[in-house]
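Q: A single structure is presented below for examination.
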Amino acid sequence: MPVIRRQGRDRPTRKRGDMNAAIIERDAAAGRARPAPAIPDLTLPQFVLGAAHGRGSKRALVDAATGHGLSYAELADAVRETGAGLSARGLRPGDVLALCAPNGIEFAVAWYAATAAGAIVTTVNPLCTGDEISRQLRQTGARWLVATAGLVEQKLRAVIAETAITETFVIGEPTAGTTAFGSLRADAFPSVAAVSASDVALLPSSSGTTGLPKSVVLSHRNLVASLAQTWAAQQVTEDDVVIAALPLFHIYGLQITLNLPLLAGATVVILPRFELGVFLRAVQDYGVTRAEVVPPMVLGLAAAGVVDDYDLSTLRLITSAAAPLGADLARACARRLGCRVKQAYGMTEVSGGTHIAPDDGPDRPESVGPAMPGVECRIVDPGTGAELRPGEPGELLVRTPGAMRGYLGDPGATAATIDPDGWVHTGDIVTADEAGWFYVTDRVKELIKYKGYQVAPAELEAILLAHPAVADAAVIRRPDELAGEVPKAFVVLRAPASAQELMAWVAERVASYKRVRQVEFTDSIPKSPAGKILRRLLAERDAGADGQAGPGADGQAGSGENGQAGPGENGHGN
């Protein structure tokens, strides 16, 4: 099974950050040892697009909504010229560029162009509120912004003045005070920025295992290492057609549905957002062979009647991550579509995946698969840190060259996640069998996974406590058949207020997927002597209750804006 290090003499002496050490993992499918892949000393754009010109007219990207596409040579030219245009406008290596846009070809060009020019990209969820976006822009010190015209007018223009943004590049028709993103190519001139593989490339947002959203510091080398490890297990080829229906602002979508297939020379079909009918038509029309999804999308594929209206015979593999997928649902989807449905696991904090089920061999849909080559794993007692044996549930710790440098400006949270020996504490409870396959059974962390999106209870609690009628509050996760989990609030009142009033209060201040879906009033919130909320006691109380007070306004868990399903920031495939 994968290497499980014990405390003491058998722990490797490799220092954190030494990516040349030989780490041997077990190929569970084939029963043979496999070494960690070599990590090239390249930047992310160099690694992913290094062979683009050589691939010439082969189609790299296609927008499923418009049919517009770019060949590999055209993509390489667009990236080079746009990067030079950014440099001509004053962008310098180390500047932070915020990318806030739905999936599209321009998103991809902006991502590669900015990082090739030496910028650090912070990807922003377009569904976030203006206040949430403002906080991320200020936290990262972003100086440049790429966004759609609609987002600028709807929410971004009002918050830009509070940030360090000096220029906004608009995808679409520019508005007052903005610059057309497409004009960057027209103004371009040859320019080569001095960018190193050790430079920071990406600042995605994550809540970590607990707490409020934080910016994760990922270098080019982190991202390249994760891609090299993933490609050894997720064997995408130039003959594949991969659909990018997951949000590209998230590490799962960015690494697995964009960077990896372009590295392999495949064609990427981009959906602006997930809508089942559009997804099915794209699979049929473009001959999609591989799809990366989250569990709510699997449910639709397994149950929706409209699926039978499309020819999905080219689809060979579906990989689900970002939240747990039930084995029965996976099998039902596989039977209906006639393809393999498997799981993967990872975190934003490790640049993508750490575990993935193989493309062929044993079919165990209840498992997230073996560790990827080059990923070390330990399973420990979450209370004592003692090593556990195969089959015993404990917290998963991983060590990998893809591990983040830390959380931006938050050394305390960094130290709580990565120990001095470089082990990342995932907060997930897993077991591993003798063959080295891992199974996620529970979570130490308190995060809620709503349709794969990550919701931090502390954030919702802070908003509830700001309501004048609320004396105390605690938020827990509650299982939901459609969404996976929904936020439920326990509230102590100091003045009269209804459940609907409190849910509306929260809804006005957060993205749609973060909304509190249920409220229960209580006399007190159980806490430890140190003041920590004992959510476990509330969850046990909730599980034993006959019913719940105050469901959402429509009587069921709501979906995100436009019905888009998407992954959360960390855990189970993030």
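Q: Given (1) over 19 Å from ARG290 (Cβ atoms); (2) surrounded by fewer than 22 Cβ atoms within 10 Å (Cβ to Cβ), where does ARG336 come up short, assuming only one miss?
A: Of the numbered conditions (1) over 19 Å from ARG290 (Cβ atoms); (2) surrounded by fewer than 22 Cβ atoms within 10 Å (Cβ to Cβ), the odd one out for ARG336 is (1).
Q: Further question on the same structure: Would you check which residues across the range 354-398 are aliphatic (A, V, I, L, M), farther than 20 Å from VAL444 by Cβ and not in a strand (DSSP E or B) and list them?
A: ALA357, MET372
Q: Search the range 154-186 for residues being among the charged types (D, E, K, R), surrounded by 14 or more Cβ atoms within 10 Å (Cβ to Cβ) and modelled with pLDDT under 95, and hand back the single one that is nearest to GLY104 (Cα to Cα).
A: That would be ARG185.
Q: Report, by residue number, each residue of the range 480-497 that is in contact with a helix residue (DSSP H, G or I) (Cβ under 9 Å, 6 or more places away or on another chain), closer than 13 Å to GLN518 by Cβ and not aliphatic (A, V, I, L, M).
A: Hits for the range 480-497 are PRO487, LYS488, PHE490.
Q: So which of ALA88, ALA98 ends up being of a type outside the set (Lys, Arg), in contact with a Phe, Trp or Tyr (Cβ under 8 Å, 6 or more places away or on another chain), on the phi < 0 side of the Ramachandran plot and modelled with pLDDT under 95?
A: After applying the criteria, what remains is ALA88.
Q: Test ALA334 against the criterion of being part of a helix (DSSP H, G or I), under 25 Å from CYS377 (Cβ atoms) and out of contact with any Leu (no Cβ under 9 Å at 6 or more places or on another chain), and give yes or no.
A: Criteria not met by ALA334.
Q: While we're here: Go through (1) in contact (Cβ under 8 Å) with a residue 12 or more places away in the chain; (2) over 19 Å from the mean Cα position of the chain (by Cα); (3) under 17 Å from GLU376 (Cβ atoms) and name the single condition ARG399 misses.
A: (2)
Here's the yes/no breakdown for (1) in contact with a strand residue (DSSP E or B) (Cβ under 9 Å, 6 or more places away or on another chain); (2) surrounded by 19 or more Cβ atoms within 10 Å (Cβ to Cβ); (3) outside any helix (DSSP H, G or I):
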{"residue": "ILE243", "(1), (2), (3)": "yes, yes, yes"}
{"residue": "LEU246", "(1), (2), (3)": "yes, yes, yes"}
{"residue": "VAL269", "(1), (2), (3)": "yes, yes, yes"}
{"residue": "GLY277", "(1), (2), (3)": "no, no, no"}
{"residue": "ALA282", "(1), (2), (3)": "yes, yes, no"}
{"residue": "VAL288", "(1), (2), (3)": "yes, yes, yes"}
{"residue": "THR314", "(1), (2), (3)": "yes, no, yes"}
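Q: Do we find a residue being aromatic (Phe, Trp, Tyr), surrounded by fewer than 19 Cβ atoms within 10 Å (Cβ to Cβ) and in a loop (DSSP other than H, G, I, E, B) anywhere in the range 290-310?
A: So far as the range 290-310 goes, yes, one or more of its residues are aromatic (Phe, Trp, Tyr), surrounded by fewer than 19 Cβ atoms within 10 Å (Cβ to Cβ) and in a loop (DSSP other than H, G, I, E, B).
Q: Every residue in the range 103-132 that is part of a helix (DSSP H, G or I) and at pLDDT 95 or above, please.
A: ILE105, GLU106, PHE107, ALA108, VAL109, ALA110, TRP111, TYR112, ALA113, ALA114, THR115, ALA116
Matching residues to (1) among the acidic types (Asp, Glu); (2) touching a strand residue (DSSP E or B) at 6+ places or on another chain (Cβ under 9 Å); (3) not assigned by TED's automatic domain parsing to the domain that holds VAL519:
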| residue | (1), (2), (3) |
| --- | --- |
| TRP423 | no, yes, yes |
| THR426 | no, yes, yes |
| GLU434 | yes, no, yes |
| PRO457 | no, yes, no |
| ARG478 | no, yes, no |
| GLU481 | yes, no, no |
| GLY484 | no, yes, no |
| PHE490 | no, yes, no |
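Q: Taking the conditions exactly as written (in contact with a Phe, Trp or Tyr (Cβ under 8 Å, 6 or more places away or on another chain), modelled with pLDDT of 90 or more, among the charged types (D, E, K, R) and surrounded by 23 or more Cβ atoms within 10 Å (Cβ to Cβ)), does LYS451 satisfy them or not?
A: no
Q: Right, something else. Determine whether VAL159 is over 21 Å from VAL200 (Cβ atoms), in contact (Cβ under 8 Å) with a residue 24 or more places away in the chain, among the β-branched types (Val, Ile, Thr) and not in a loop (DSSP other than H, G, I, E, B).
A: It is true that VAL159 is over 21 Å from VAL200 (Cβ atoms), in contact (Cβ under 8 Å) with a residue 24 or more places away in the chain, among the β-branched types (Val, Ile, Thr) and not in a loop (DSSP other than H, G, I, E, B).
The values are calculated or read from the model by the stated rules, or taken from the named source; none is laboratory data. From a predicted model like this one, the values you see are computed outputs, not experimental measurements. Cβ atoms come from the backbone with ideal geometry, glycine included; neighbour counts cover every protein chain shown.
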